[in-house]
Amino acid sequence: MHSVNIILAAYNGSQYIKEQLDSLLNSNYRDFRVFVCDDCSTDNTREIVEQYVEAYPGKVFLTKNERNLGSTLSFLTNLKRISEATPASYYMFCDQDDVWLSDKISLAVRQMKRIEARRGAVMPILVFNDAIIVDDNLDFISRSFYRTNKLKVRKNKFSRMLIENKCIGCTTMMNDALVKLLDETGPEIRYHDWWMALIASAFGVVRYNKTPVILYRQHGDNQVGQASFAAYTKDRAAKKEDTRERLRKTYDQAELFFEIYGDMLPKNKRRHLISFIRLKTAGFFARRLIILKNRFFKSGFLRNVGLLFYV
């Protein structure tokens, strides 16, 4: 069994995917395979990847979704399929437009093995790292994604993970025990990394390492890090209905999690999940009481003021 399977979800990525694949192949850790999962691209992404498949047989593979699934379901559907068809000890998500540092895989494997030595390989484990933010041309913006976005990544127990995603999927590594818990998927899942972190925090271990392991390309819809956090918060406040819609989608995600995993959860986490789902229908004061009682808190004072205002 190979050590690491890397799931790269691609869609119209011809501008960046060659640079990303080159960075993977420049890794100082060699026992890995890359599965590029194309989500019905309309540019020449597939043609570029096919050149790598030919040049690196047994190392780079190309699969094609039958229909466009979107990033989240493309990642999760292919993770489940690949883990069943060609299992590995560890799995990693990979975005098409970032650049991996050469020690990214080896650092994650070492951290994973340390945790497994203490907790056992049967324990579901997710580890994740920081990222260096760069612009479209890979020019430096910030040395820390998490400090820039003021995310409290070490507060990652299940109750906190329900309300806020802590992980950058492209820095995560998951062990086989965690991936085996991946069951059904659906459109209610907001983000693939959030979903896997929820499973890990519910049944196993989530660990953060502050060492940056990728150049995280900031462009398009992921512009949070380029503005000041105050400007970002002001923008969110101006889009009240968008914020409330995101909360509704987060409740829907929690309902799906309960449908799939509710009977498996430890009693205290099941109780937290049921309380969280109640936020969808509870009255004005009851919603705020539920948040305070269960400590469904986000990162930082301003985010929590906003949560209590909009919930």
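The values are calculated or read from the model by the stated rules, or taken from the named source; none is laboratory data. These numbers were taken from a predicted model, which means no experiment stands behind them. Here Cβ is always computed from backbone atoms with ideal geometry, including for glycine, and neighbour counts include all displayed protein chains.
Say whether the condition of being farther than 18 Å from D135 by Cβ, surrounded by fewer than 21 Cβ atoms within 10 Å (Cβ to Cβ), among the hydroxyl-bearing types (S, T, Y) and modelled with pLDDT of 90 or more is met by at least one residue in segment 200-207. Taking every residue of segment 200-207 in turn, none turns out to be farther than 18 Å from D135 by Cβ, surrounded by fewer than 21 Cβ atoms within 10 Å (Cβ to Cβ), among the hydroxyl-bearing types (S, T, Y) and modelled with pLDDT of 90 or more. Under the condition of being under 26 Å from Y146 (Cα atoms) and charged (D, E, K, R), the residues counted in segment 114-130 number 3. Reported count of residues in segment 156-181, each being more than 12 Å from the chain's Cα centre (by Cα), β-branched (V, I, T) and under 17 Å from A88 (Cβ atoms), is 1. Taking the conditions (1) farther than 25 Å from L178 by Cβ; (2) assigned to a strand (DSSP E or B); (3) among the aromatic types (F, W, Y) in turn, Y52 satisfies each one other than (2).
Residues in segment 239-275 that are touching a helix residue (DSSP H, G or I) at 6+ places or on another chain (Cβ under 7 Å), more than 19 Å from H192 (Cα to Cα) and either in the same structural domain as A200 (by TED's automatic domain parsing) or modelled with pLDDT under 95 (or both): K240, T243, R244. The test for being assigned by TED's automatic domain parsing to the domain that holds M174 and touching a Ser or Thr at 6+ places or on another chain (Cβ under 8 Å) holds for F32. Among residues of segment 158-184 that are of a type in the set (G, A, S), those with a beta-carbon under 6 Å from a residue that is part of a helix (DSSP H, G or I) and at pLDDT 95 or above at least six positions away or on a different chain give the pairs S159/H272; G169/H192; G169/D193. Reported count of residues in segment 129-160, each being touching a strand residue (DSSP E or B) at 6+ places or on another chain (Cβ under 6 Å), among the hydrophobic types (A, V, I, L, M, F, W, C) and under 22 Å from R303 (Cβ atoms), is 5. For segment 142-155, the set of residues classified as over 19 Å from the mean Cα position of the chain (by Cα) and crowded, with 17+ Cβ neighbours inside 10 Å consists of S142 only. Identify, please: which residue in segment 256-302 is without any contact (Cβ under 8 Å) to a residue 40 or more places away in the chain and basic (K, R) and is, among those, surrounded by the fewest Cβ atoms within 10 Å (Cβ to Cβ)? Selected residue: K267. Among the residues here, D193 does not qualify as at pLDDT 95 or above and over 22 Å from T72 (Cα atoms). Within segment 55-68, the residues that satisfy the criterion of being closer than 13 Å to Y11 by Cβ and assigned to a loop (DSSP other than H, G, I, E, B) are N65, R67, N68. Filtered by the rule that a residue be under 14 Å from I105 (Cβ atoms) and touching a helix residue (DSSP H, G or I) at 6+ places or on another chain (Cβ under 7 Å), segment 22-48 gives S27, N28, Y29, F32, V34.
Considering segment 99-127, and only residues there that are touching a Lys or Arg at 6+ places or on another chain (Cβ under 8 Å) and surrounded by fewer than 21 Cβ atoms within 10 Å (Cβ to Cβ), the residue that is farthest from I199 (Cα to Cα) turns out to be V99. Would you confirm, using the coordinates I've provided, whether T211 is among the β-branched types (V, I, T), surrounded by fewer than 21 Cβ atoms within 10 Å (Cβ to Cβ) and in a loop (DSSP other than H, G, I, E, B)? Against the criterion (among the β-branched types (V, I, T), surrounded by fewer than 21 Cβ atoms within 10 Å (Cβ to Cβ) and in a loop (DSSP other than H, G, I, E, B)), T211 does not qualify.
Pairs are defined by a Cβ separation below 9 Å, a sequence spacing of at least 6 or placement on different chains, a first member in segment 3-25 that is in a helix (DSSP H, G or I), and a second member that is at pLDDT 95 or above and of a type in the set (G, A, S); the pairs so defined are I17/A10; Q20/G13; S23/S102.
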